[in-house]
Amino acid sequence: MSELLNDRLLRALGREPVDRTPVWIMRQAGRYLPEYREVRAEAGSFMDLCRNAELACEVTMQPLRRFDLDAAILFSDILTVPDAMGLGLYFEPGEGPRFERPVRDAAAVRALPVPDVHESLRYVTDAVSRIRRELAGSVPLIGFSGSPWTLGTYMVEGASSKDFRHIKALAYDQPAVLHELLDKTARAVTDYLNAQVEAGAQALMIFDTWGGALAHDAYERFSLAYARQVIDGLIRQHDGRRVPVVFFTKGGGLWIERIADCGADGLGLDWTISLDEARRRTGDRVALQGNLDPSTLYASPATIRDEVRRVLNEFGAGSGHVFNLGHGVHPQIPPDHVRAMVDAVHELSPAFHE
């Protein structure tokens, strides 16, 4: 593999000096880009796009051609793992992902296999290898997965949920069953992320999208404990370099001190906690990623620039900050507004690294 021409992301996640704050965007390959929509139409369906290594590579590269970003992130979906576990993933127009066979009792959990990711998810690792070749060392490639808890919510609910009634009922009535489900999912996620590293991913992201839906005492037992299990099992050194891991719990600011001890190199933050508070509460033990409100990008470029300055000021001087949104970019955001954000980070952040 070629040497990296731009390793700002990896250095910032290691809290090493950088010349400016690195920036990438969650969901940076997606529906806000017209070129993505064209490829998505060509693929026929979202999962057909994910399963086609050539097209997945193409859409991964698209935002890098438009914007001066410091990382590429694999184009895929967090639900590939439960799909590989045999739950029958499909997408209902206008309603998002669904599973044909939700897992809601002890018998279904016992029957659930831990997949051979090298076989059932080969299309993902093929895409990772192809993207690494296409990047040719320009920027690092981020691999990712959903967290065991977040994947578990989809597996039990069978779709997105507003109240999480099925999985929370399982948590309170049959916690041993839920723990068995989360343990199996954690083992699958660990294998999946390690396969991505072996295929060429140089950093990893774990998305705990629904961790913030848990009660205060339940977060540790059902989300953080299994994220820690995954992180403990990951390959952390590959191709002569550390493979940093970022863990992101949406709505997780309440537990940030505990999250900082989960073994991740960086914490992803949404917009509900300020970076200066997060930095103070974690004691600079981890890097911080975030945390501009995605809706800021509906505003004018001048306002976007002001908000970028505010986020940079909140973190303050020194390394250990990766600029990002507090969640994924919205489909209706104008690409020029994304450019305004990226350009503002480039122009304003060097002063924080002198």
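The values are calculated or read from the model by the stated rules, or taken from the named source; none is laboratory data. Model, not experiment: these values are computed from the prediction. Cβ sites come from the backbone with ideal geometry, for glycine too, and all protein chains shown count toward neighbours.
Just to be sure, is residue 18 out of contact with any Ser or Thr (no Cβ under 7 Å at 6 or more places or on another chain), buried (at least 19 other Cβ atoms within 10 Å of the Cβ), at pLDDT 95 or above and among the β-branched types (Val, Ile, Thr)?
Here the answer is no, as residue 18 does not meet what is asked.
Given (1) among the aliphatic types (A, V, I, L, M); (2) under 24 Å from residue 338 (Cβ atoms); (3) buried (at least 17 other Cβ atoms within 10 Å of the Cβ), identify the lone condition not met by residue 302.
If we test residue 302 against (1) among the aliphatic types (A, V, I, L, M); (2) under 24 Å from residue 338 (Cβ atoms); (3) buried (at least 17 other Cβ atoms within 10 Å of the Cβ), just (3) comes out false.
If the requirement is being surrounded by fewer than 16 Cβ atoms within 10 Å (Cβ to Cβ), at pLDDT below 95 and of a type in the set (Asp, Glu), which of these qualifies: 239, 276? Please lay out each step first, then the result.
Values: 276 fails: at pLDDT below 95.
The unique qualifying residue is 239.
Just to be sure I understand, how many residues within the range 196-241 are closer than 16 Å to residue 131 by Cβ, under 16 Å from the mean Cα position of the chain (by Cα) and part of a helix (DSSP H, G or I)?
So the answer is 2.
Looking for whichever is at pLDDT below 95 and of a type outside the set (Ser, Thr, Tyr) here; the options are 186, 136, 171, 159. Which one fits?
Checking each option against the conditions leaves just 159.
Six or more apart or on different chains, Cβ atoms under 7 Å: show the pairs whose first residue is in the range 263-284 and within 22 Å of residue 142 (Cα to Cα) and whose second is of a type in the set (Phe, Trp, Tyr).
Within 7 Å, the pairs are 264/247; 267/247; 268/247; 268/248.
Tell me which residues, restricted to the range 19-54, are part of a helix (DSSP H, G or I), of a type in the set (Lys, Arg) and closer than 17 Å to residue 143 by Cα.
Across the range 19-54, the qualifying residue is only 51.
Among the residues of the range 90-111, how many are hydrophobic (A, V, I, L, M, F, W, C) and at pLDDT below 90?
Summing the residues that are hydrophobic (A, V, I, L, M, F, W, C) and at pLDDT below 90 in the range 90-111 gives 1.
I'm told residue 57 meets every condition in (1) over 18 Å from the mean Cα position of the chain (by Cα); (2) assigned to a helix (DSSP H, G or I) except one. Can you identify the failing condition by its number?
Of the numbered conditions (1) over 18 Å from the mean Cα position of the chain (by Cα); (2) assigned to a helix (DSSP H, G or I), the odd one out for residue 57 is (1).
Restricting to the range 199-236, and then to whatever is of a type in the set (Ser, Thr, Tyr) and within 23 Å of residue 77 (Cβ to Cβ), can you tell me which residue is surrounded by the fewest Cβ atoms within 10 Å (Cβ to Cβ)?
Of the residues in the range 199-236, the ones of a type in the set (Ser, Thr, Tyr) are 209, 219, 223, 226.
Checking which are within 23 Å of residue 77 (Cβ to Cβ) leaves us with 209, 223, 226.
Details: 209: 21, 223: 28, 226: 24.
Among those that are of a type in the set (Ser, Thr, Tyr) and within 23 Å of residue 77 (Cβ to Cβ), it is 209.
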